[in-house]
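A short write-up of the structure that comes next.
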Amino acid sequence: MFKNKRFLITQPIIRGFNGSTLVTLELATTLQNLGAKVTLYTCNYAKPASTYFQKANLHVDTLKDNPNYKLSDFDYIWVHSQILPISIIKELSSKHSKMPSFIFLHMSGMDWIPDEKPWIYNLENQLSSLSLFISEEVLEINKPLLDPSIPTAFFRNPAPKEYLQIKPSSPTLQKLLIVSNHPPKEVVEAKRILIDKHYLDVSILGEGQDRYTLMGPSILNQYDAILTIAKTVPYCLLANKPVYIYDAFGGGPGWLNQDNYHQAKYRNFSGYQNPLFPNYEGKSFTFKKPHQIAQEIIDGYQDALTFQTSHHDEFIQDFSLEVVLPALLQSVQQKKVPLLSNSYIESVIASQLFASDRFEAVSLLYKRDTDIHRLIKEVELLSADNAALAQYKTSAEAVFSSRLYQLFNRLIKPYQKLKNQQNKGNSHD
């Protein structure tokens, strides 16, 4: 069903390793591997993420390229953050014998990520053949903003099949990976407790942390369990790795298990609690103290491992991209898109250009933050070197001022004087 199908996937920014960018990369790569022809469109394209798109041989155009796409060029247009190329928008004012199916994905309900909502008035209502949501909570938040006649479905951050090829976790927890671009202080402190008190091998993968790179099966393969939220959780579920859910956006339920699975899934495993939807079935997540997090990780690992392995087949059906994607696309019904007025099209184009400035600014802020983190690391290394030098100097001064050194210096002076005289005589020869 994918052979030679033509896809355009739009993405506001391709720069860092955030959830939306990873979804775009994995979706495009999987479609391409299944025989589809994939084109990507973005407002900002830069390293480090651009390197991985290039490695996957994906064709990426930017707003600055001003690509001259036509509606007839594509069978599907998969839209993130309401981003559409200008040429496509302009074509919506005239009739076409064949229209692509528009699919809109919403990945967050957080107010501080407004582009994840249908922020361009009536655009999605007029174009969408299918609107996707990563969780029930995100659907509930966006439902009042959309036409109820639009078909909806869930796209729960499914992971590529490569995550199925992971070695089993150890029966006893030995290595833990924390995956977060924003680990709260209590998690960083819990890391220290787990290393110092329980002798675990613990590291943090994320921006400004121990390591910052693209998450992949080879990384998960090195660990027994993961502490994380949201996009990384389906990787763990597919890879059969126990996962402890906790982060800065509202704490979390801890180890994923039978008691909290549906609650966590309802919120995209985020730990986040929207003020409009403070609980699920009377339950809510909480923040925890560092020692509590550390102790829960130690005490609950075996039960979490049992839950994960006993539900693995179920997780494959819900979170495998190769399983989920065909079913979604088979459900898409061609929508009759109305002709859009010239005045409306001009307002949409203006919105796109205005939004692109915002995304450019966000990208520049990301670069600034990355540079700041790099400089902080360099300063920390220099400070460590200075501290080591100061300690060496203090130790040397202590030696030079010691009575034993002074005694040794007196004893060796006659020998040194004799040796100097001998060398002087040899030089005359």
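Quick notes
- Scanning the chain for long hydrophobic helices, with DSSP H runs required to stretch 30 angstrom or more by C-alpha along their axis and to average at least -0.5 on the Kyte-Doolittle scale, returns 342-400.
- Region 141-229 - percent relative contact order, Cα under 8 Å, separation 6 or more: 38
- Shape class of region 161-323 from the Cα gyration tensor (axes a ≥ b ≥ c, square roots of the eigenvalues): rounded, since a/c falls below 1.5.
- In region 161-323, taking the dipole from charged Cβ atoms about the Cα centre, the farthest positive-side position among Pro253, Ala230, Ile193 is held by Ile193.
- If you run the Gaussian network model on the chain, springs between alpha carbon atoms under 10 Å, then out of Ala248, Ala387, Ala230 the most flexible one is Ala387.
- GNM top mover of Asn386, Asn68, Asn268 - the chain, alpha-carbon springs below 10 Å: Asn386
- Whole-Å distance, taken between Cα centres, linking region 238-264 and region 199-231: 15
- Each part reduced to its alpha carbon centroid, region 89-130 and region 316-331 end up 22 Å apart.
- For Lys241, the lysines whose Cα falls under 19 Å of its own Cα, not counting residues fewer than eight places away in the same chain, are Lys161, Lys167, Lys175, Lys191, Lys231, Lys265.
- Rounded to the nearest 20 debye, dipole of the chain from Cβ charges on Lys, Arg, Asp, Glu: 1480
- Residue order for His291, His311, fewest other beta carbons within 10 angstrom first, comes to His291, His311.
- In terms of the mean number of neighbouring beta-carbon atoms within 10 Å, the peptides 343-352, 105-114, 235-244 order highest first as 235-244, 105-114, 343-352.
- For region 6-157, projected area of the alpha-carbon convex hull averaged over all directions, nm²: 9.0
- Packing rank of 189-198, 15-24, where each peptide gets the mean count of other beta carbons within 10 Å, highest leading: 15-24, 189-198
- Per residue convex hull volume, Cα atoms of the chain, in Å³: 225
- Cα gyration tensor shape for region 316-397, rounded if a/c is under 1.5, else prolate or oblate: oblate
- Using C-alpha pairs under 8 Å with a sequence gap of at least 6, the mean separation divided by the residue count of the chain gives a relative contact order of 15 percent.
- For Lys55, a cut-off of 16 angstrom between C-alpha atoms picks up these lysines, skipping any fewer than 8 places away in its own chain: Lys47.
- Only one residue of Ser129, Pro118, Pro67 has its Cα farthest out toward the positive end of the dipole of region 6-157, where Lys and Arg carry +1 and Asp and Glu -1 on Cβ, and that residue is Pro67.
- Dipole magnitude of region 161-323, debye to nearest 20 (Cβ charges: Lys/Arg +1, Asp/Glu -1, about Cα centre): 320
- Under 21 Å of direct C-alpha separation, and excluding same-chain neighbours fewer than eight residues apart, Lys70 reaches these lysines: Lys3, Lys5, Lys37, Lys90, Lys95, Lys98, Lys335, Lys336.
Where a number appears in this text, it was derived from the coordinates with a stated rule and is not lab data. Every value quoted in this text rests on a predicted model; they were computed, and no experiment measured them. Quick reminder, even Gly has a Cβ in these numbers, built from the backbone with ideal geometry, and neighbours come from all protein chains shown.
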